[in-house]
Amino acid sequence: MSNKHSIPKDQAKGMTKKFREKRDHILAPEFKNKDILPKCETFDRAAFDRVLAQDGCTSIRIYYGMDAEDKVHAIIVGVDAQNRDILKSSAANMVMDGVDDEIIENGDRCPTVCSPPPSELNS
């Protein structure tokens with residue numbers, strides 16, 4: 001098992017704390033105090049299992065998008081061994097013939113659905 005994406009808990013704590021402290025300061029004035037940037041998003045495991053179960057899926061990629069209210073959301077897709085997004089509509093990647101694209105969004109976004117109890121990464 002590869003550890004290339006792992007970081008120590010203290011580093012994660014520092015990074016999440018810094019983001020919480022600075023998240024409104026990095027925005028243009030018209031976006032401040034509007035919860036444009038989430039503190040976190042929570043997704044069901046089943047959603048990730050569906051993405052990872054796709055034929056040829058070797059990785060997950062996280063994009064960031066904005067909804068109609070300019071709020072940032074994570075958009076998650078599977079990635080194949082050639083580093084391509086697994087999308088049925090992509091001419092370069094037709095591994096999902098006959099199946100809708102498996103793209104994750106709609107996580108429980110904090111704010112406003114702040115479901116995680118306090119932890120070392122969010123307090």
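The values are calculated or read from the model by the stated rules, or taken from the named source; none is laboratory data. Worth saying up front: this structure is predicted, and the values here are computed from it rather than measured. Every residue, glycine among them, receives a Cβ derived from its backbone with ideal geometry; neighbour counts consider all protein chains shown. Accessible surface is based on the protein model in full, side chains and every heavy atom, while ligands, DNA and RNA are left aside. Shrake-Rupley method; radii C 1.70, N 1.55, O 1.52, S 1.80 Å.
Under a point spin-label approximation (7 Å from Cα along Cα-to-Cβ), what is the residue 27-residue 85 distance to one decimal in nm?
Placing both labels 7 Å along Cα→Cβ, they lie 2.4 nm apart.
Fully extended, how many nm does the chain gain between residue 15 and residue 115 (0.36 nm per residue separation, minus their Cα-Cα distance)?
Values: separation 100, 0.36 × 100 = 36.00 nm, distance 2.01 nm.
So the chain would gain 34.0 nm between residue 15 and residue 115.
Within the chain, which cysteines find no other Cys whose Cβ is under 4.7 angstrom from their own?
Cysteines lacking a close Cβ partner in the chain: 40, 57.
Can you sort 73, 25 by 1.4 Å-probe accessible area, starting with the largest? Before the final figure, lay out each step's value.
On the way: 73 30, 25 140 Å².
If we order 73, 25 from most to least accessible, we get 25, 73.
Roughly speaking, what is the stretch gain from residue 105 to residue 48, that is 0.36 nm per residue apart minus the C-alpha to C-alpha distance, in nm to one decimal? Write out the running numbers ahead of the final one.
Details: separation 57, 0.36 × 57 = 20.52 nm, distance 1.07 nm.
Between residue 105 and residue 48, full extension yields 19.5 nm more.
Taking +1 at the Cβ of each Lys and Arg and -1 at the Cβ of each Asp and Glu, which of 114, 8, 47 sits farthest along the dipole of the chain towards its positive end, judged by Cα position relative to the Cα centre?
8
Where nothing but the Cβ of Lys and Arg (+1) and of Asp and Glu (-1) is charged, how large is the charge dipole of the chain around its Cα centre, in debye to the nearest 20? Working shown, then result.
Working: 18 positive and 21 negative charges, 155 e Å.
That gives a dipole near 740 debye.
Could you provide, to the nearest whole Å², the per residue accessible area of the chain with probe 1.4 Å?
On the way: 8610 Å² over 123 residues.
Computed with neighbouring chains in place, this is 70 Å² per residue.
Could you sort 112, 42 by accessible area so the largest value comes first, with the probe set to 1.4 Å?
112, 42
Leaving ligands, DNA and RNA out of it, work out the accessible area of residue 59 with a 1.4 Å probe and give it in Å² to the nearest 10.
Result for residue 59: roughly 50 Å² accessible.
Residue 9: accessible area at probe 1.4 Å, nearest 10 Å²?
Solvent-accessible area, nearest 10 Å²: 110 Å².
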